[in-house]
Each structure stands twice: as C-alpha cells, then as structure tokens.
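Just below is one structure, and these are the notes that go with it.
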Amino acid sequence: MKPLLDSLIARFGITDPGLTLGVYATGMVVFCAIVLMGFVAPAAGIISFIERRIAARMQSRVGPNRVGPQGVIQWVADGLKCLLKEDLIPTEADHLLFRIAPYLVFIGMFGAFVVIPFGSSLVIADLDVGLFYLLGITSLVSVGLIMAGWASNNKWSLLGGMRAAAQIVSYEIPAGLSLLTVILFAGTMSVQGVIRSQGWAPHTWLMFQNPFLFASYFIFFTAALAEGNRTPFDIPEAESELVAGYNTEYSGMRFALFFLAEWANLYIIGAVSAAVFMGGWQLPPGVPDAVRPVAELLLFLGKSSIGVFLAIWVRWTFPRLRVDQMMEVCWKYLIPISFANVVGTAVWMVFLPKGQLPASAASFVMVALAAFLVVLFVRRVRMNLRESDMPIHLNPFV
Amino acid sequence: MAEIKTEEMVLNMGPHHPSTHGVLRFILKTDGEIVHECLPDVGYLHRSIEKIGELMTFQGFVPYTDRVDYVASMNSNLAYCTAVEKLAGIEVPRRAEFLRILVCELNRISSHLIAVGALAMDVGAVTPFPYALRERERINDLLEEVCGARLTYNYIWIGGVSFDATPGWLDKILHFVETFENIIPEFNRLISGNKIFVERLRDVAIVPREMAIDYSLSGPNLRASGVDWDLRRDEPYSIYPELEFDVPLGHGECGTVGDSYDRFIVRVREMEQSCRILRQCIAKFPHDQPDFRAKVKTVKPPPGEVFVRTEAPRGEQGYYLISDGTAKASRVRIRTGSFTAMAIIEEIAVGCMIADVIAIIASLDVVAPEIDR
C-alpha cells in the first residue's frame, strides 16, 4: 500500500508534509472501502445464497436455482430488486433516526471486518486491542436496532427494538468473558497475536488447551448467535410473533442493509471463532512460501465456514426461545459458567504452565475427547438415517 | 426515585398478522411482553354459508360445505351428507361408506399435519413445516386421483361418493401408510422431543378438564385436557363401529394435563390412529359390491329437523337442518370446533407472553373459515 502511495506522491511532486499525510489517509480509506465493499458485500450475499440452499436441502426443497447456473447469482438479483423498490418512510416515523438506523447497524457489522485476519499479512489493521475493538464496534448494532424500532413508530417494531437491545446487551457479557479467557491464555488482545500463539495442529489450538477454553468456545458461539439475532435467539425479529420486529416498516435498500449486516455478522461469527479458537490461518511448516498467502486465505475461509455452517444448521433445526427463557439462559447459565471459565483458566495456567508436559498431554486428551464426540455424533446420525429408512440424496445440485 | 409512569399498550394483532392462521384478529392489552387481555375479534372471513345453504338445493350446497373448513373439506362433506341422508332416509351403499372413511381419515392426517407443522413454525422452527407439507402433498395426490381436486374436493355426495376408487388406488394408500408410519417417529425426533420446543409449550395455557367441558371444546383440544370423548367411538356413524382404534388423550407427559404440548402431541398420536383405521378400511374393503352411489334424484326430505355431528379434525362438526318438504332447507346451522376453541383464548391467554399467544392459537388449531363460515 505504502509504495503505491509513495509513487503517487513522487509523480505529482507533493512535498508539503500535511498534504502527504492527507494522501496517505485518503489512500488508506479508499483501500479499506474497496476491500470491505469488495469482500464483505459479496461474502454476505454468497452466504445468503448458501444458507438458502442448505436450508432447502434440510427441508426437502430445491431452493433458489434459477438465476445463473444453480442460482449462484440469486443474491445479486435480490439486491438489485431491493435497490429498485420504492423507498417508503412512514409519515409518522422519526425521519432522521429512521434513516440513520440502518447505517449504524451496517457500520457496526462492517467495522468488525477491520480486525479479521485472513492471513499473516492479509489484515486491514492489526490493532493492539483487536478483540476489545471487536466487542465495542459490534455494540453499535444494538444502538441501530433500538433506533430502528423506536423511529418506525410501530408497536411491533418497538417491541422488536426493545427485545434486541435487551438481548444484545445481555449476551455481550458472556461473549466478552469468553474472549477474556482467550486473552488470559494468549496474553494479548491483538487478533494476530492470538493466532500466532497457536499452531497449525489441532492440539495447539486454543480451543483444546484446557476444558475451560473448550467450554468458552461454545459459550462464545452461543452468545454470538444471540448477538447476531439468529435462531434460536431470533427473538427481536421473530416473524411469527412480531411480524418482522424492528424492520417491520423498512423496505427497499434500507431493509436490504439490515439483512446484509445480518449475513455479514454470520461470517464474523465464523471468522472470529476460527481465528480465536481454531488457530486461524496457521499453516503446517512444509508449505512453500510462494503459495503461502493464498493457502492461508483458503485455510482461514475454510475454517470460518465451519462456524457459518454450524450457525445455519442450528437456525434451521431449532425453535425460538421465549423472551424470559432467553434471559434465563444468559443470566442463569452462560454468565456464571463463563465467570467460572475465567477463574478456571487462570488457575489452570498457574498449576499447569504452558509448554510443559502435563499441559501438552491435557491438550492431546482434549483433542481425543472432541474426536470421540464427533464419532458419537456420526453414529447417532447413522442410526437416525437407518431408522427413518428414507432414500438419501447427497448430490447438492438439483 | 419517582415512580415511573407506565400504561398498558393496546396491540392490534391481525387480521393480517403472519401467524394468525387466516384472517383472525386479536386485540391485546399488554404490559410490555405480558398479555393482560386478549380479545378475539371474529368475522373477517364470514361468507354467509348458512344462509347460502337455505337458498340452495340440498345437493347444490355440498360444494359449499367444502369451504366451511377448507383444510379438511372431506370431513365437512361427510357431516353435511350424513345429516341430509338421515333427514331424507337415504341408504348409502357399503362401498361408498368405505370410500368415505378412507378419504376422511386421509384428510384428517393432512389436516393434522398442517396443525402440527404450523405450530412448530409459529414457535420458530421452520423445518418441520416443509416436512409436514411434503407428506400432505402425497395425500393431496391420492385425493386428486380419486376426485380430481386437491383442496376443495366435493367428493362425498348425498347418497354416496362422486367417483369410484381408481384401479390400484387402495395399494397406493397402503404404500403411503407404510411410509408415513415411519415419518411420524422421524417427525418426533425432529421436533417433538426438542428441548426448546417442549419448554415453549409445556405448562402454557393449561385448559383443565372442567374448563374444557364448560367452554364446550371438542375434538383433539378436548381430549388433550384428558376428557375421553370421541364421536367416532362414542356416537358412531358410518362404518366406525367395525373399526378398531384408540382415542389418544393428553397425559401431561411434559407438564400439566391440558397444556399446549398435550394439544400438540394428541394430534401426532391421532395421525398414528388414522393410519390404523386406513389399514383396516383397506383390509375390509368390499371389492365384491361395485355400487358406490345410491340412486338419488332431487332430494326432498319430509318436513322435520335433524342434527348430526361428526368428528372432524378440529373437533365436532355438526349440521342442524330443518326441512319443510321442498328441495331447499328452511334452516341450516353449522356448529364447528374452531369457534368454541376461539372463545377460550380470551380466558387462557391472560398472563401469558406475546409469544405464548401465538403458540396458543396454533395449539388450539383454529382455522379462520371454520370460525366465521
């Protein structure tokens, strides 16, 4: 980035230091915007397509398969349709807040991409306080949602906005505490630092370092689902209860922005859990340097798609919790457990120091345990398949 | 600190709310999420079907009974035709009786599939609904084969049925029943045992035994409250006396007797029993009696009145007819299960949350056309 800007400055013969700084700043902003828009918007769109296809397969439907080969550009058509729709603002709505709200949601979600590391050098900004920044910037979303709910001047929207605010604020605590165990163990808040403290093999991943971190992973994932308003925590936009919750009155592109943010958030859930708990882009040592950046990127995308798929799977399987049950899950279970995790990790680090035999042995045991759980799960699935006695179609192309 | 001034919020749910099953309207008075009052407002789908019945000939009214409950129109056909036949003293051929029960039980399964699928969808699980619809499609195919229609059948006529079974139709039903008996456990594994699903429905909107009788609930809603009453067994009509089946009751297996979960699980169990009835009908089918329709000209029942009630999927469906000796009824009155179920919502929804109101409506399985007629 810097050499390109340097050559630009040299060509136009800019010598004034203030102007030089301005060129750098503008250049970085433009670069960030291109990367964010060029990656995030298509990523959100493609994830929406993938989600619809996966959901269709789960529900013995076909799913979108008309626009483009196998329907892969369905999301472009949907986006264009939303752009062309009439931009409606209710007369009684608070016009200013009504317009600002989607942008706040959008900024909250997209700002998080700044610290997501796609490779050892492929990150927009490796902030020292990366994880802290992540928690902070995603909080903007709740402001946007409650603003949308209030400004719409609709009782269903208001209920949705209030639910969203209560839910997101509550679930930030377990999410933050789970990341705190990670920070404690890795000794850094920088996302790249956390990844560098892990290795490529599963037994070096933070997730498998001790039982508390293993539990933290699931708590973080659950809390992230709740923060992203995904089933079983899609209470703020519960379409069968609140019509559409906070975005009832939204239409056209503003409506699309909410959904773009939702799917971008889905990717963030996967990416953060991959980076923080699953070793991020860490490659095995044998990979040649020439292909390293690409391999790192592919590995990271692959790992983050695990979280994305899990979230989609959960969404199309579970019913929705009720408001009081949602609060109960958070305050009665997740928060005490995540506090215990923080304390447990600290104690573990004192008695089983990193890099020594007992700790390494423990991580191998953890990996074995996880593998055992996976085997149990596969057996269970096979049993269900055998009992239901239904033909199985594994070909994803219909 | 000064008291915060609060007030009740009046929330208008419907008639175009996504989960009010047609055009129902509820006026909710809520304190935040807690419902203090829930007033059902009916009449958005009123089509004067009873009045139409007085203007049409007896035979001409049969297609209109399809529209009384369009999710289970075979059962409406049956109730009306049985009433007219009793009034006019028409004998129905035995083959027709079997065909009637076959289509009615198929229709009962498809209606319950909608009920349990929609309930799951209303508490947020989307996947069970397409599962249920997939099976319903197969039933629709079967019914289409025998009568040419997929929703409003007009299949059961006064004196018999409109068409005989096509060759191989019974085998197709048998094949459907065989696979469907595997689908029910699959459906149960998918949703009935789901922890969140059970938590959402258990102990929600409990209807005790006495209350269910007081509000004259009927059908699965009544049986979920533990009242052992099924017209097919206790006041049998058609060929039901020859058939063996159990009447599933609510036992409060996840909470209290008569809660929303009981109303859900009773419907699932009834689908199993319907499969049993279908198997028996196919086994006993009178292949040697080809007559499937009595010779009926214009029906002119002698003056008099009759009330016939049958067990439809949404409770008792009864037709009260007064004949003055002409080809048109001088009074038609229809009694449906959804209407009484709708009345009880006002009492049981108090103190619930908004999300529970949706679950209550779905668990009572009210369908708008049956309420308004």
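Couple of notes before you dig in:
- B:Ser216 outside any helix (DSSP H, G or I), over 25 Å from B:Ile34 (Cα atoms) and either at pLDDT 90 or above or among the hydroxyl-bearing types (Ser, Thr, Tyr) (or both): yes
- Inside region A:40-70, residues that are exposed (fewer than 15 other Cβ atoms within 10 Å of the Cβ) and either in a helix (DSSP H, G or I) or under 19 Å from the mean Cα position of the chain (by Cα) (or both) make up a count of 2.
- Any hit, region B:249-263, residues being basic (Lys, Arg), within 18 Å of B:Ile345 (Cβ to Cβ) and away from chain A (no Cβ under 14 Å): yes
- Of everything in region A:311-346 that is under 20 Å from the mean Cα position of the chain (by Cα) and closer than 15 Å to A:Gly176 by Cα, the residue that is farthest from the other protein chains (Cβ to nearest Cβ) is A:Ser338.
- Flag if B:Gly53 is on the phi < 0 side of the Ramachandran plot and out of contact with any Ser or Thr (no Cβ under 7 Å at 6 or more places or on another chain): yes
- Residue under evaluation B:Thr166, criteria (1) more than 23 Å from the chain's Cα centre (by Cα); (2) assigned to a helix (DSSP H, G or I), criterion not met: (2)
- Which numbered condition B:Gly252 fails, given (1) assigned to a loop (DSSP other than H, G, I, E, B); (2) in contact with a Phe, Trp or Tyr (Cβ under 9 Å, 6 or more places away or on another chain); (3) at pLDDT 85 or above: (3)
- Candidates A:Arg254, A:Arg163, A:Arg230: the one that is among the basic types (Lys, Arg), within 14 Å of chain B (Cβ to nearest Cβ) and surrounded by 21 or more Cβ atoms within 10 Å (Cβ to Cβ) is A:Arg163.
- Condition met for B:Tyr80 (surrounded by fewer than 18 Cβ atoms within 10 Å (Cβ to Cβ), in contact with a helix residue (DSSP H, G or I) (Cβ under 9 Å, 6 or more places away or on another chain), more than 14 Å from chain A (Cβ to nearest Cβ) and in contact (Cβ under 8 Å) with a residue 60 or more places away in the chain): no
- Cβ-Cβ distances below 8 Å connect the following pairs, each with a first residue in region B:181-199 that is more than 9 Å from chain A (Cβ to nearest Cβ) and touching a residue at least 60 places away in the same chain (Cβ under 8 Å), a second residue that is outside any helix (DSSP H, G or I) and of a type in the set (A, V, I, L, M, F, W, C), and a separation of six or more residues or different chains: B:Val198/B:Cys254.
Yes or no, residue by residue, for (1) farther than 30 Å from B:Gly124 by Cα; (2) exposed (fewer than 12 other Cβ atoms within 10 Å of the Cβ); (3) not hydroxyl-bearing (Ser, Thr, Tyr):
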{"site": "A:Ala311", "(1), (2), (3)": "no, no, yes"}
{"site": "A:Val314", "(1), (2), (3)": "no, no, yes"}
{"site": "A:Phe318", "(1), (2), (3)": "no, no, yes"}
{"site": "A:Val323", "(1), (2), (3)": "no, no, yes"}
{"site": "A:Glu328", "(1), (2), (3)": "no, no, yes"}
{"site": "A:Trp331", "(1), (2), (3)": "no, no, yes"}
{"site": "A:Asn341", "(1), (2), (3)": "yes, no, yes"}
{"site": "A:Ala346", "(1), (2), (3)": "yes, no, yes"}
{"site": "A:Phe351", "(1), (2), (3)": "yes, yes, yes"}
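- When B:Ser363 is tested against (1) in contact (Cβ under 8 Å) with a residue 60 or more places away in the chain; (2) more than 14 Å from chain A (Cβ to nearest Cβ); (3) of a type in the set (Ser, Thr, Tyr), exactly one condition is not met: (2).
- Note on region B:265-320: residues that are assigned to a strand (DSSP E or B) and of a type in the set (Lys, Arg) total 2.
- Selection over region A:338-358 of residues that are in contact with a helix residue (DSSP H, G or I) (Cβ under 8 Å, 6 or more places away or on another chain) and either part of a helix (DSSP H, G or I) or among the aromatic types (Phe, Trp, Tyr) (or both) gives a count of 10.
- The set of residues in region B:93-133 that are charged (D, E, K, R) and either more than 18 Å from B:Ile265 (Cα to Cα) or under 14 Å from the mean Cα position of the chain (by Cα) (or both) comprises B:Arg94, B:Arg95, B:Glu97, B:Arg100, B:Glu105, B:Arg108.
The values are calculated or read from the model by the stated rules, or taken from the named source; none is laboratory data. Quick caveat, the model's predicted, so the values are computed rather than measured. Ideal geometry is used to build each Cβ from the backbone, glycine not excepted, and the neighbour counts take in all protein chains shown.
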